[in-house]
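Engineer: Sending over a structure as C-alpha cells; questions will come in a sec.
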Amino acid sequence: MRNHALAVAGLLGLTLLTSCGGTGFPIITKPPEHKSAWTWVSGANTLHQTGVYGTKGTASQSNVPGARLDAVTWTDKNGNLWLLGGAVFNFTEFLNDLWKYDGSNWTWGSGANTSGQPGVYGTQGTASPSNVPGARFHSASWIDNKGNLWLFGGVTSNSQGVRFLLNDLWKYDGSNWTWVGGANTSGQPGVYGTQGTASPSNVPGARAGAVYWTDANGNFWLFGGDGLDANVGAGNNLNDLWKFDGVNWTWVNGPNSGAVFFETGIYGTKGTASPSNRPPARAGAVSWIDKSGALWLFGGIGFDSTLTYGLLNDLWKSDGTNWTWVSGADTVLQVGTYGTLGTAFPANVPGARSDSISWTDKGGTLWLFGGTGFDARGADALFNDLWKFDGSNWTWVSGSRPPTKLLCTAPEGSRLRLMCLADERTLSHGSTAVATFGYSEALAPIPVVWHMTISTISGASSRKKTPKGLSVAASFGKERR
C-alpha cells in the first residue's frame, strides 16, 4: 500500500534545465490515436527466435532468418531483399548467413547456419564457391549498377568473445563471393594517401557503424563510424569521408589522424553550404540519397559542437563537395519535436538517436524509423516512431511519442534544490508535472514520485514555452513507493 504524505507545505525554488529539441506542449498529454499502415509479413511476434534455414539455395514458406541485430541489407534491381549477418540478442555471437527474400519466401543463400564462423578469403580478386565473409555485424553494404552486392568491414570476435574491427571489402555476384580489398586480418589502420586522389593502395581503416550510400554514377561513399584512422591503436569515432569507384578508394575529406575521437565537426550556418563545414565524428547514423544525388545524414552517437559526447539529432546534406547543416541541434541529447501527427511543420524534428532504419521512396521522400535514444525523462528508450522528410520539413507519421515526464535529481541529503532535465514544454500557473527521482534521507536512497504544482513562473508569462534555466516556484506532494 502506498503511503501518501505532504512533504513540503510551502514553496520551493526549482531550477528547470531544458533540452533544446522540443517545442511547447502540455505536460500531461493524451496519447494520440494510433494509426498504422504497417503489415506484419513474416517472422515471429515473440523475442529471441532461432532461424529456420531449410535447404541452402531453396526457397520455402517455412524458412526464416533468426532474430538478430545490426545486420546489413541490400535491395536488388528485381526488388529482392538481401540480408547478411548480424549479432544475436546478447551480442556475444555473430552470424555470416546470407538470405534473400523475394516478397513471399526466404532463401538461405550462403554462409553458415551457426554463429562464430571465420571468413574464407581465398585469393584476392578471385571469385570462388568456397569463399565467404566471416561472421560480423555493423558492416557497410551497397549494390552496384550490375547488381553485385558489396560488403565492407564491421565487427567480429574470437572464441573468447574479444571483438575486432575489420576493413575487408567483398563482392557477391549472386553465386560466389570475391575478396576484393582490405586486409584478411583485423585491426588494420587506414591508408589515406593524398586527399582527393584515388590510388590502389588507399583503403579506409577498420571500422563499424559507418554511414554509407551510392551515388547516381555508382560510386560508393563511406563516412565515419567507430574505428581506426591512419594510426594503429584503439578505435575512435571518425568523420573521414571516402569514395570507392569500383576499383580504387579516394580519401575525400575529414581528418586522417590525431585526436579524431574528439572531432567536433564544423556546423557553420544552418542551411548554408561551405567547404569548411563537416559533421562531427560519429557512429550509428543513418543516410539517404535523394533524386539529385545528394547525401543526407542524420543522428548517431558522437561529439557535438561543445565537445560533449552523446546521441545526436542533426541533419546534414552533402552535394559531394560541401556539407550543409540542415536541421536539428548542434548539441547532444535533444528530445524530439513531434508536432501534430501527420502534419509537416518547420519546427518538427526527431529526437537524438542511433541505429535507426532509413530508406527513400520512389518520390524521393526520406523515411526514418525507430532507433535507440533517450525519452523526455532522459531515460534509455527504444523508439518505434516513423518520420518522413520531404527535403524541407519533418512529419511524424506513426508510432509512439516518448513519455513527457521530467527526470529530476537531488544532491544527497538535499531537500531544497532539484535539478530537472526535460524537453521544452508549456508551463502555466496551476499546471501539474510529475517528476521521478531518487530522494535521499540519512544517506539511504528512497524512490520517490513528486507531484509538482506550478504556482509562479519567473521570466515567462503564463502558457509560454519554458526557456532554459527558468526558475519556477512549485509546491510538492511526495509519494513513496
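The values are calculated or read from the model by the stated rules, or taken from the named source; none is laboratory data. Predicted model, so just to flag it, every value in this text is computed and none were measured. Neighbour counts are summed over all protein chains in view; Cβ atoms, including those assigned to glycine, are modelled from backbone coordinates with ideal geometry.
Engineer: Can we say Trp213 is within 25 Å of Gly79 (Cα to Cα) and modelled with pLDDT of 90 or more?
Structural biologist: No.
Engineer: Being more than 16 Å from Arg401 (Cβ to Cβ) and surrounded by fewer than 20 Cβ atoms within 10 Å (Cβ to Cβ) is the filter here, so list the residues in region 331-343 that pass it.
Structural biologist: Thr331
Engineer: Report yes if Ala208 is under 20 Å from Asn237 (Cα atoms) and not polar (S, T, N, Q), otherwise no.
Structural biologist: yes
Engineer: So, of the residues in region 86-115 that are touching an Asp or Glu at 6+ places or on another chain (Cβ under 7 Å) and in a strand (DSSP E or B), which turns out to be nearest to Asn131 (Cα to Cα)?
Structural biologist: Residue satisfying both the conditions and the ranking: Trp108.
Engineer: Continuing with this model, one more query. Consider Thr194 against the criteria (1) among the polar types (S, T, N, Q); (2) assigned to a loop (DSSP other than H, G, I, E, B); (3) in contact with a strand residue (DSSP E or B) (Cβ under 7 Å, 6 or more places away or on another chain); (4) without any contact (Cβ under 8 Å) to a residue 60 or more places away in the chain: it satisfies all of them except one. Which criterion is unmet?
Structural biologist: Failing condition for Thr194: (3).
Engineer: Scan region 361-371 for residues that are touching a residue at least 40 places away in the same chain (Cβ under 8 Å), part of a strand (DSSP E or B) and on the phi > 0 side of the Ramachandran plot and report the count.
Structural biologist: The qualifying residues number 1.
Engineer: Which members of region 202-215 meet the condition of being touching a strand residue (DSSP E or B) at 6+ places or on another chain (Cβ under 6 Å) and over 23 Å from Ala135 (Cβ atoms)?
Structural biologist: Correct list: Asn202, Trp213, Thr214.
Engineer: How many residues does region 198-232 contain that are in contact (Cβ under 8 Å) with a residue 40 or more places away in the chain and either in contact with a helix residue (DSSP H, G or I) (Cβ under 8 Å, 6 or more places away or on another chain) or more than 25 Å from Ser358 (Cβ to Cβ) (or both)?
Structural biologist: 10
Engineer: Gly218 fails exactly one of the following numbered conditions: (1) touching a strand residue (DSSP E or B) at 6+ places or on another chain (Cβ under 8 Å); (2) at pLDDT 85 or above. What is the number of that condition?
Structural biologist: It fails just one condition, (1).
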